[in-house]
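First comes the structure, then the notes that go with it.
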Amino acid sequence: MTTMPELATCLTTDLVAITRGRSFPVGALEGYLARGTGWVPANMALTPFDIIAEDNPWGSAGDLRLLPDPATRLRLEGIGASPLHFFLSDIATLDGKPWECCPRSLLKRALQTLQQETGFSLLSSFEHEFQILGADWPAAPAFSLAAMRRADPFGPRLLALMEQAGLEPEMFLPEYGQDQFEVTLRPADPLTAADRAVALRLLVQELAAERGWRASFAPKTAPDGVGNGVHIHLSLRDAGGRPAMRDETRPGALSEAAGRFCAGIVRHMPALLALTAPSPISYLRLQPHHWSAAYACLGERNREAGLRICPVVTMPGADPAKQMNVEFRATDATANPYLALAGLVLAGLSGLREGLAQPPLVNSDPSELPEAELASLNVRRLPADLPAALAAFEADPLLTAALPENLRKCLLAVKRKEMALVEGLSPEDLCARYRAVY
């Protein structure tokens, strides 16, 4: 009887946040670690519906390599028919140099620039919301133990797999929406945080499939349902690795540097949506009164603000400075985590570079404030649809310059093709289309 070979896979995540790759027998692992697997530039031009945007910079020309990063190796047994074994990869040219359009390499460059120019580094973490589809279980109240237990042992098993994979899980909890859950991870350096975001999505979907369910991270699975967001947490560290976010004498207890970093993000937030909320369905979620962020502003513990100062625990023995972080809320799982995080880093860096003043704190729902007050606080409504977000992106000199020309052209081509493919769909059909992919 022929022995079934174990496969390992080189993976990359593209502009529509689909993780794709190529597999090989583990017996040949040494060679693939050294030279990677083949890849094609136009693969970056795939839409979520597996149709290549014709107006991309490469067409049928060119060849690349997926170079696996050994530090990202994940191998798990007991999930699926064979071991789940993969490496997250950088996209390289045939001589092994980073391809200019690789999102993972772009994040590396952004972090290097931040450190070189300012001495600061970052800790980051991604929070993911998702829904279980196809489970036959009784209704349960939001946030309840009953909602947790009816999915048992999904939660404990997921956290055990995450621990085994080195993802450092923090919490698994039932959320507000129907059959909705959230997973949080401990902070890490931003590249590791983005790698973990990719791995987490794969693990959740594998584990759901094992039970005959489907897990969907789509921003909306039903027009009248609760949205699934991705919240990105950021915390500055100084050149010595010490917390650099907190100053209790300043508004919101943000340090001067943190205030400037936040100012850069708030200033560029409308354009950032092209990277962080980059699908037509994203804008069914980004609505006022949805706790999802519909306004470009900085808020303290305000879940309607695009950028939120998170609460810290001040009980005896707690270290508020170490906990201090901000949360970018206008993100979802249709966004490439490397590209989204690179955009946030570069926007924050611009605030440090230019010495921008910390934005005013908005601690109530911006949609309930008079227009005159919004104007005085410089609070702007975020783009209400993807065409408006793309227009804001194209008009933003910082972010357009940050992306290599071919990557920028490809992003715009993919998004325009994606919009054309779903043009005219009802909200119900749009949700059905995206929940099947994400």
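Where a number appears in this text, it was derived from the coordinates with a stated rule and is not lab data. Fair warning: this is a prediction, and the values are worked out from it, not measured in the lab. Using ideal geometry, Cβ is built from the backbone for each residue, glycine included, and neighbour counts are taken over all protein chains shown.
Which FRET efficiency, nearest 0.05, do Ser144 and Thr93 yield, Cβ-Cβ r, R0 56 Å?
Calculated transfer efficiency: 0.60.
Just to verify a number: FRET efficiency for Val312 and Ala239, C-beta to C-beta distance, R0 = 25 Å, to 0.05? Please report the intermediate quantities before stating the final value.
On the way: r = 23 Å, r/R0 = 0.92.
The formula returns an efficiency of 0.60 here.
Quote to one decimal, in nm, the extra length available between Lys322 and Met4 on full extension: 0.36 nm per residue of separation minus the C-alpha distance between them.
Stretched out fully, the Lys322 to Met4 stretch lengthens by 109.6 nm.
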**Request:** State to the nearest 20 debye the size of the charge dipole of the range 196-253 about its Cα centre, where the only charges are +1 on K and R beta carbons and -1 on D and E beta carbons.
**Result:** 80 debye
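If neighbour count is taken as other Cβ atoms inside 10 Å, put Asp385, Asp195 in order from fewest to most.
Details: Asp385 15, Asp195 24.
Sorted ascending by nearby Cβ count, the order is Asp385, Asp195.
Run the dipole for the range 31-95 about the Cα centre, Lys and Arg Cβ at +1, Asp and Glu Cβ at -1, nothing else charged, and hand back the magnitude in debye, nearest 20. Kindly include the intermediate steps, with their values, before the conclusion.
Numbers: 4 positive and 8 negative charges, 69 e Å.
Result for the range 31-95 is approximately 340 debye, rounded to the nearest 20.
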**Request:** Once you have the Kirkwood Rh of the range 7-100 from its Cα pairs, apply Stokes-Einstein at 37 °C and 0.692 mPa s and quote D in µm²/s.
**Result:** 233 µm²/s
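Got a sec? How would Ile91, Ile281 order by Cβ neighbour count within 10 Å, fewest to most? Each step should come with its number before you reach the end.
Values: Ile91 24, Ile281 28.
So the residues, fewest neighbours to most, are Ile91, Ile281.
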**Message:** Mean-square fluctuation check for the chain, GNM, Cα pairs under 10 Å: which of Val16, Val312, Val345 is largest?
**Reply:** Val312
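Just how many % of Cα pairs in the chain lie over 40 Å apart, if you round to the nearest whole percent?
Numbers: 14016 of 95703 pairs.
Summing the P(r) of the chain above 40 Å gives 15 percent of all pairs.
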**Prompt:** Tell me, how many Å apart are the Cα centres for the range 106-172 and for the range 407-438?
**Reply:** 25 Å
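If each DSSP helix of 4+ residues adds -39,500 (n - 2.57) and the sum is divided by the residues in the chain, what number results at 222 nm, nearest 500 deg cm²/dmol? Each step should come with its number before you reach the end.
Working: 14 runs with 157 residues, N = 438.
The helix contribution divided over the chain gives -11000 deg cm²/dmol.
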**the range 52-152: GluC sites (Glu not before Pro) in DSSP loop, at most 15 other beta carbons within 10 Å** = Glu54, Glu77, Glu100
**Request:** Run down the aspartates and glutamates and flag those whose C-alpha is under 15 Å from the C-alpha of Lys415, throwing out any fewer than 8 positions away in its chain.
**Result:** Asp14, Asp50, Glu54, Asp55, Asp385, Glu394, Glu423
**Request:** Go through 221-233, 64-76 and give me the packing order, highest mean Cβ count within 10 Å leading.
**Result:** 221-233, 64-76
**Prompt:** How large is ³J(HN,Hα), in whole Hz, for each residue of the range 362-370 in order, when computed from phi with the Karplus curve 6.51 cos²θ - 1.76 cosθ + 1.60 and θ = phi - 60°, using x for Gly and Pro?
**Reply:** 10, 10, 9, 5, x, 5, 9, 8, x
**Request:** Using θ = phi - 60° and the Karplus relation 6.51 cos²θ - 1.76 cosθ + 1.60, list the HN-Hα couplings for the range 6-22 in order, rounded to whole Hz, with x at every Gly or Pro.
**Result:** 7, 10, 10, 10, 8, 10, 9, 10, 8, 5, 9, 6, 8, 8, 10, x, 9
**Request:** For Gly299, list long-range residues whose amide hydrogen, built 1.01 Å from N in the peptide plane, is under 5 Å from its own amide hydrogen.
**Result:** Leu307, Arg308, Ile309, Val362
**Item:** Label zone at Arg214 (point 7 Å along Cα-to-Cβ), backbone N below 17 Å, the range 314-357
**Value:** 333-334
**Request:** Enumerate the amide H contacts of Trp99 below 5 Å, restricted to partners 5 or more residues apart or on another chain; note that Pro and chain-start residues carry no placed amide H.
**Result:** Ile91, Ala92, Thr93
**Prompt:** What is the spin-label model distance, in nm, from Gln115 to Asp136 if the labels are put 7 Å beyond Cα along the C-beta direction?
**Reply:** 5.3 nm
**Fill in**
If the chain between Asn406 and Phe49 were fully extended at 0.36 nm per residue, the gain over the current Cα-Cα distance would be 126.4 nm
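Please report Ser125, Ser350 as a ranked list, fewest other C-beta atoms within 10 angstrom at the top and most at the bottom. All intermediate terms of the calculation are to be shown ahead of the outcome.
Details: Ser125 23, Ser350 20.
Going from sparsest to densest Cβ surroundings: Ser350, Ser125.
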**Inter-part distance where the range 227-259 and the range 288-354 are each reduced to a Cα centre, Å** = 9 Å
**Prompt:** For the range 315-328, in order, what is each residue's ³J(HN,Hα) by Karplus, 6.51 cos²θ - 1.76 cosθ + 1.60 with θ = phi - 60°, in whole Hz (x at glycine and Pro)?
**Reply:** 4, x, x, 7, 10, x, 5, 5, 7, 4, 7, 10, 10, 8
